[in-house]
Amino acid sequence: MAQASPAGAAIKVILPWPLADGFAPWTPQRPRTIKNFLGNEFRRMTFVESELALLRDPRLAAPATSAWPAWLWSADASRMLWANAAGAALFGAADTRECVQRRFDSNNPAAAQIVRLAATLPSAGPPRLERLRGFGLGFGLGFGRALTCACSRLVLSDGKAAVLIAATEPAGPALSLAERVRRLFADDEALAVFAADGALVHATAAARAQLGGANSLSALGIEVAVAKALDVGSVPARLQLQQKILEANLQRLGDGAARVLGLSLPQPQAAPTEAADARPREAVVASTMSEAPVTAPPPAPQTASPAEPIVERRHPLRFVWQMDADGRFVVAPTRPGAASPFPGR
């Protein structure tokens, strides 16, 4: 809290350094990004990160790699929040990411049934069997046979309601486990997926670059973390790859023969690059001085040998600086008692 100064107390005011013809104007500065030295950066989660966060819910993790389709819809039926590979294929999408990017209106038969279910299903109640149309062999266009599904209303971690639809019978194209896993995740993330026996099922290019030829969980030496992930669902894992210690995460997905373990690896950090508009610092021109370039004097040649002691300076170093309108400044060292090279200093 600021305290009032006593009456008659002197107040110190700091003003700009005066020039010969008055006070120097404040130098305008261009807008710049302030560097965060603490390293606390806020960013939006990637697609795979948000998908894995959803799949930490056991109700979604179980049908994630199933050969039978499953979808997670928003309560207003305007979009799908998630779908497994079989569910995305029934709506004509190549993978999960393409499926969740679509939007639906109330005229869509599937969306109309989601609105009805969201209004009638009990919140966080047990699944209810429904015969749904628009989810069958017609690829979401409202044609084909009805599909028997287990329907439930969920409340997600952000507090929003959603409707989970999981088919209780096969529908759509027959996809292998490796293909279902590939379509479930994007290819631009460092992610590897292993079967329950430890064999590698799928790995993105970024993950293969870090795995260094390892094609099984046993080759990674994380047996303890694997056993814990199979038991509790998701655990952190520390592994050594190519003489580097990496902090990863293991997550259990699927059920029965479709059970897998997803290994999320850290994204490789890009090397920092210099800013394109960086200005040279060696030589600058002062706008209020003569037009000849002013440079710092060359360093004096060192005459003492490395074995000789370094003589400590006996007097302080005095220098004068001047800044131009672009924010650049020059330094001119002076000798004690010498006149300033800049007028008004």
Could you please find all residues in segment 129-147 being closer than 19 Å to ASP76 by Cα and at pLDDT 90 or above?
-> GLU130, LEU132
Just give me the residues in segment 200-214 being polar (S, T, N, Q) and either within 12 Å of ALA237 (Cα to Cα) or at pLDDT 90 or above (or both), in sequence order.
-> THR204
So which residues in segment 240-261 are outside any strand (DSSP E or B) and over 15 Å from LEU217 (Cβ atoms)?
-> GLN242, GLN243, GLY254, ASP255, GLY256, ALA257, ALA258
Residue check: is ALA150 at pLDDT 95 or above, touching a Pro at 6+ places or on another chain (Cβ under 9 Å) and not polar (S, T, N, Q)?
-> yes
Restricting attention to helices (runs of 4 or more DSSP H) lying wholly within segment 37-131, give those where 2 or more residues are in contact with a helix residue (DSSP H, G or I) (Cβ under 8 Å, 6 or more places away or on another chain) and either among the aliphatic types (A, V, I, L, M) or not assigned by TED's automatic domain parsing to the domain that holds GLY233 (or both).
-> 47-54, 85-90, 96-100
If you check SER157, SER234, SER176, which single one turns out to be at pLDDT below 90 and among the hydroxyl-bearing types (Ser, Thr, Tyr)?
-> SER157
Is there a residue in segment 93-108 that is surrounded by fewer than 18 Cβ atoms within 10 Å (Cβ to Cβ), hydrophobic (A, V, I, L, M, F, W, C) and touching a residue at least 40 places away in the same chain (Cβ under 8 Å)?
-> yes
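The values are calculated or read from the model by the stated rules, or taken from the named source; none is laboratory data. A quick note: this is a predicted structure, and the numbers were derived from the prediction, not measured. For neighbour counting, all protein chains shown are included, and Cβ atoms are generated from backbone atoms with ideal geometry for every residue, glycine included.
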